[in-house]
Each structure stands twice: as structure tokens, then as C-alpha cells.
1. For an R0 of 45 angstrom, estimate the FRET efficiency from the Cβ-Cβ distance between A:Glu130 and B:Phe354 and round to the nearest 0.05.
2. To the nearest 0.05, how large is the calculated FRET efficiency for B:Gln154 and B:Ala99 if R₀ is 35 Å and r is the Cβ-Cβ distance?
3. Can you tell me the 0 to 90 degree angle between the C-alpha axis of helix B:236-246 and the longest principal axis of chain B, rounded to 10?
4. What is the spin-label model distance, in nm, from B:Leu42 to B:Arg115 if the labels are put 7 Å beyond Cα along the C-beta direction?
5. Based on the Cα gyration tensor of segment B:209-363, what are the three equivalent ellipsoid semi-axes, each the root of five times an eigenvalue, rounded to whole Å and given largest first?
6. Would you calculate the separation in nanometres between label points at B:Arg13 and A:Gln6, each defined as 7 Å from the Cα along the Cα-to-beta-carbon direction?
7. What percentage of all Cα-Cα pairs in segment A:127-168 are separated by more than 11 Å?
8. Please express the shape of segment A:1-129 as an equivalent ellipsoid: the semi-axes are the square roots of 5 times the eigenvalues of the C-alpha gyration tensor, given largest first in whole angstrom.
Amino acid sequence: MENAIQPLIQVQSVVKQYTRDTQVLTVLDGLSLSIDAGDFVALMGPSGSGKTTLLNLIAGIDRPTSGRVLVGPDEVSAMSEGALAKWRSRNIGFIFQLYNLVPVLTAYENVELPLLLTNLSKAARRKQVELALSVVNLTDRTDHYPRQLSGGQEQRVAIARAIATDPKLLVADEPTGDLDARSGEEILILLERLNDEFKKTILIVTHDPKAAACAHRLVHLDKGVLKEDVRGAGKTVGIAAAATVSAGK
Amino acid sequence: MRFLPLVLKNVFRKKTRSILTIGSILLPLFVICIMGTLLATLDSDPSGGKGMFRLTVRHSISITNWLPEAYLPKLRQMPGVKEVTIMNWFGGKYVDSSAKNFFARFAIDPESFLRVFDEATVVEGSAADWMGDRSGLLVGKVLMTKYGWRLGQQITLMGDIYPGNYTFTIRAVFKGADESGVYFDRRVHEEALPRVKGYVGMYWIKTDSVAAVERLPKQIDAMFENSPFPTKTETEKEFQNSWVSMLGNVKLLITSIATIIVLVILLIAANTMAMSARERVTEIAVLRTLGFGKPTILGLVLGESVLLSLFGGLLGLGLFVLSFPGFRAWMLNSPMGAFATGMRIFPGILALGFFITVLVGLLSGLVPAIRSAGRSIPDGLRQVG
Ligand SMILES: Nc1ncnc2c1ncn2[C@@H]1O[C@H](COP(=O)(O)OP(=O)(O)O)[C@@H](O)[C@H]1O
Ligand SMILES: [Mg+2]
């Protein structure tokens, strides 16, 4: 691999602890990790191993107990809460397992939500929303409410919402975890395309071997430490790694 | 402003609940407007400021004790006194003694009456007709409308405090002063019942200045202090309020009830907002993940509660304004007619209603808003199902 690529994400000796009564629970234990710009990384590991916690730290919705998290030039772990909110709206697209669309808003309005925080005019917002919805191939569902959409469609709207502000980094926490195989595949194809065509850096938490197969790099977490880190291009590595994961269980 | 559609949609997220909450703000606010109007009417001056210059003189013991007519020239001589008139409460009944046929009937001195109550203007017939006919009756416009009486019609009043029936002819109709009463020449009463001759229930004085209003009560009461008929002199306002306070402490009662109502709607609205925010813990965490800052979240939740409250409050105020003419008409025709002449839509009451509405909105949303904005995002996202 060339060293010329500047890492987009740098996680440096991050410790995350929760204190309940007198018990200290160490979720991440001095974890270091760097992710290159344009990479597609799958974060794997057993339930409770700290995947979501790590994702949250990188996405700037949580803070480490110690250590630093940098995304691009920004030290996420040192920003004030207000600055972080602004930073997230510009730099991060978040995709959830349960889609988390606002039920009283139409597909269009859901995608428009993050744009309401920008200075864009109504017309400019419209352009962005329409573009995002066309990327996820849902231009014909603009005025549908989430309850009128299938799970796969809802997740595609959620992806459109995540890319509406054109952030460089997309983070997804088990995005196919609640979908049937077919819809899950559609979502993965979409994420691959976003990585390929739109050069988004993607970090995805998953248990799904198919999802892992799409990634260019697999990071395996166990009890708050990095267990395996498999790099490589293409699906072969992914499948091989996924097999290791399943075998390890 | 760009968040308004979202806030609006959130207000009506649970339609039934929102409508019930709006109803539970609407109706109490309507009641508060009515109570406030009654209170404001008590505090207002139906004579439009002219009552400021009037005083009443009555026996210091009670309104049912008489004063001698001989006080009249003494009062007239006092500096600051423009005019003095005599009013005796006749009582009696019209048709029957039911509450719906209750109105004020006074035996008065016609010559000076209209000079003391100079805000009264004769709108039908004439003052001269009334004064020229000893059995003529001066009737307030409200009462004319209530009974559908016509000028020239004969009205019989049956005595209760004083025996005998008296028949009068309506000679003049006035507007402006207490329109829910009838007034006739006290000489009619004296001729029919010689024992009342020379006695006076109340003197009404028109003064020439505010200074006189302040000075005269003490002077008058001092003048008659050691006589067999000591007096109690009050401003018109004090006199009216002393009637009202005879009904018990109405103001305190109304104010207490209104306060309790406000607290109840506050609790109902707060409950709705708390439920609404609790159901949306995850959603709010998602919005914050997208980059919505704490102030924005605070604004969204408070905006929602204020908007919900405004829907109820403005509908309540609207209902009040629309129903006011009917309410006033009903009051005018009731035994409280005299009181109702001063009733109108007080802008201050509408402003108070609006203020209460906004306050309820802000207070009910405050705790849920602070909680929503304060919860950590990962905790909010974890709280699924
Ligand atoms: N707010 C919290 N307080 C206490 N413990 C927590 C909290 N959030 C997460 N944890 C714990 O941290 C561990 C890692 O959680 P998480 O990152 O969600 O794991 P994963 O996503 O890999 O399943 C779990 O044991 C979980 O119970
Ligand atoms: Mg997780």
C-alpha cells in the first residue's frame, strides 16, 4: 500500500469507560486505529465489544475518557458541544439500523432536515434533496411518509438524508441488520456506489458477512481492543475475513 | 422559521391527544375571559369618568336609615358642590317578585337628577315631557329593550316596602347612566304616603373638581357628626363597590377560581408535552446526531408547546369575543343588569388571556425541552422500543 494517502480518521489510544456506582466498565481499552480517506471499512465483533461506542466517538456524538479522535484536520475529541453539532452537520452522514426517519415528515422533508441547518435557500435545498433522492433511486417516493414505505425504502431515504449535505464520511451502525436479504443487498450496492462513484469514506458496523464482503478492510473488535485488521481490495479478502469471523464464533 | 412545518407537524402528531389538550385549554380560557371581564367591569367606571366627580351621602348606620331633607340646602351651599339630588329606593315589584322581573326603582327629584347624572342623555321622548308629567317615568334604554316597552305605555309598580300600587306613564328613555332602572318623581310617593315626606334615602352630589371629591366627604361627615342623623359620604366608586362586597368577597373568589383554572391547564398541557417528548427521545437524539444543536432542540420543543397552547388559547379568546354580545345581552336582562351596562370587551382581558396562553405554553414545555436537549446522544439512540 502507498503511504501517500493521508488518513482521514485517526483514533489515538482511546479509552472509553463507564462508571456505574463504584464499578468501572472499560468499553474501549487504549484503542488506536487509522482509516484512509476513501476507504470502506467494516467494523465487526461480538455484541457488546464496543463497535457502536467507537463509531459514536468517530462521528462526534460521544467523547472518549482519554485519547484523541481526529477526523481530517479536526480534533473531534476536543471540540465543544456546540461546535461538534455544527461539525457533524457538515462532515458526517449517519445511517442507523432502524432507519430513524421522522414519522410525521415525508421522504422529501426527512432528507431536507440536515439542510435546514445550512444557509441554503429553499430552492438550493430542493436541488440537493432531489439529487440525494435520485442517488438512492427514490424520486418517485418524494411525498410518501415513512409508514408508506418498505424497510429497504426507508433505509434508502435515510441514506439520502445522510448524503444530503455531501459529507466526506458516512458511518452506518448495522444498516442491514433489520432488513431482509434482498433489501439488505440493495443497501450494500448503494453504499458501494457511494464509495466508488462519490468517493465517500464509509465506516460500517455489521454482523452481516455480505456487508463485510463489500468492505475493503475489516476491523475486528473484541472486548474493546483491536483483534484483527484485514486490508485488501475486492471481495475475496472480505469473504475470507468474513469466514474467519464466522469460524471464530 | 424554517422549522415551523416540523413543529406544526409535531403538534398534531397524535391528533386525538392534541385536540383534547387544545380543548382543555380553550374552554378554561373562555371561562377566564368571562371572569376577567366581570372583574374588570367591577373595577371600571360605567359613567366614563364622570362618576369621578360624584359623591353619595347616606346615613352612617345603614342605607335603610333616613336622612332629613333639611340637609339639602346645607349641602348645596358647600364650596365645590355643583348640584345635589335626592334618590330614594322604592323597592316594589313589577308583575311579580321573580328575579327576572327585578330592576331598580327610584323615587327621585327630577329637576336636579339629570344635572347630577349628566352622562345620561334622553334618546326617546324628552326630559321636559317627563318633568311636566308628575306620574311620568324615566326609563333606561336597556330596560325598554328587555320588556319591549313603548313610549307612552303605562307601567304599574306594586309596593312592597311601601303599600299601594303606582301607575306611571313612560315619558322619556335615556342612555348613558344606569340604564337598567326606572325613575319617578318622589312627590308621587310622598303624596301617597305622607309619612315619607321630608325624608331622604341618599343624596347624590355632583362636585366641580377632583379636589372637591377628595375634600368633601370628610367635611360633610364632620358637619353632621354630632347630629341625630350622622352621615357617611363616599365616592360613587366606593359606593358601588360596597354593594358588591356585600355579596361576599366576590373578587377574591373569582380570582382564586381563575388561578386554579390556570394551574389546571398548565398541568394538562405539561402532561401532554412530557408524554410527547418521552415518545420522541430517540428521534430527538437522531436530530442532534444530524447536527441540530441544543438551542435548536430547546426551540423545537418549546415552539411545539407554545403552538399547542396558542391553538387552544386563541380559539378560547375567539369563542369569547364571538359569544360576548350574547353574554352581555343575557346579563343585561338578568337581575345584574345594572352591573352589566359597564360590561364590554376589555383589551386588557384579551391581553391577559394571550399572556396566560403563552405562559402555559412556555412553562409546560420547559422541563421536557431541557430534558430533551440535555440527554446524551448515545443514550438517546440506545433507547429503542
Ligand atoms: N451509557 C452506558 N452506560 C454504561 N454502559 C454502557 C453505556 N453504553 C454502552 N455501554 C456498554 O458498553 C459496551 C459496549 O457497547 P456497544 O458499543 O454498544 O457495543 P456493540 O455495539 O459492539 O454491541 C456494552 O457492554 C454496553 O453495555
Ligand atoms: Mg452496537
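1. 0.65
2. 0.90
3. Relative to chain B, helix B:236-246 is tipped by roughly 70 degrees.
4. Reported label-point gap for B:Leu42 and B:Arg115 is 3.6 nm.
5. In descending order the semi-axes read 52, 18, 14 Å.
6. Going from the B:Arg13 label point to the A:Gln6 one covers 4.1 nm.
7. The calculated P(r) of segment A:127-168 puts 59 percent of pairs beyond 11 Å.
8. 29, 20, 15
FYI, it's all coordinate maths here, none of it is from the lab. The structure presented is a predicted model; accordingly, all values stated were derived computationally and were not measured. So basically every Cβ, Gly included, is an ideal-geometry build from the backbone, and we count neighbours across all protein chains shown.
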